[in-house]
Every structure is written in C-alpha cells, then in structure tokens.
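First the structure, in the form of structure tokens, and then the observations on it.
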Amino acid sequence: MVEVMTDKQMQFIAWLITTATDKCQTMDEVREMNKEIRKHSTGFKEDTTETQKKED
C-alpha cells in the first residue's frame, strides 16, 4: 500500500531536518544526527550509511 504525502507534510519534514542539522557544527555531528533519524525511520535501509561514506 502506497501512502501519498502532501506538499505541506514534505515541507514540514524538510524544515524539521534542516532545523536539527543547522545546530550541528561539524559534518560528523550531521552524520550522527542522520544516523539517529534513520534509526527511527521505518523501512529505511541501514546500508545507505556505507554509500554515504563512499560519496564523501
């Protein structure tokens, strides 16, 4: 079953993430914040962290 997000919901999520990461002072803090977000996100693949490291 596919659930559709509204534009307002997507805007809120973007605002929430950017507000949280704006408080980070280093990329390591941003990565740690992302790890926490992934940990609490349903259905998010853990292996994206490894992909991220390769891109940096």
Exercise for review: Name every residue in the range 19-31 that is within 28 Å of residue 3 (Cα to Cα) and not β-branched (Val, Ile, Thr), in order of residue number.
Suggested key: 20, 31
Point to revise | Given (1) at pLDDT 90 or above; (2) open to solvent by 100 Å² or more (accessible area, probe 1.4 Å), index of the condition residue 56 fails | key: (1)
Check your understanding: How many residues are in a helix (DSSP H, G or I), over 12 Å from the mean Cα position of the chain (by Cα) and modelled with pLDDT of 90 or more when one looks only at the range 24-53?
Key -> 3
Study note, to complete from the structure: (1) surrounded by fewer than 10 Cβ atoms within 10 Å (Cβ to Cβ); (2) charged (D, E, K, R); (3) modelled with pLDDT of 90 or more all hold for residue 3 apart from (3)
**Study point:** Per-region count, the range 2-23, residues farther than 19 Å from residue 42 by Cβ and not in a helix (DSSP H, G or I)
**Key:** 1
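The values are calculated or read from the model by the stated rules, or taken from the named source; none is laboratory data. Keep in mind that this is a model prediction, so the values were computed, not measured. A quick note on method: Cβ atoms are made from the backbone with ideal geometry, for glycine too, and the neighbour counts reach across all protein chains shown. Side chains are part of the model used for accessible areas, which takes the heavy atoms of the whole protein and leaves out ligands, DNA and RNA. Shrake-Rupley method; radii C 1.70, N 1.55, O 1.52, S 1.80 Å.
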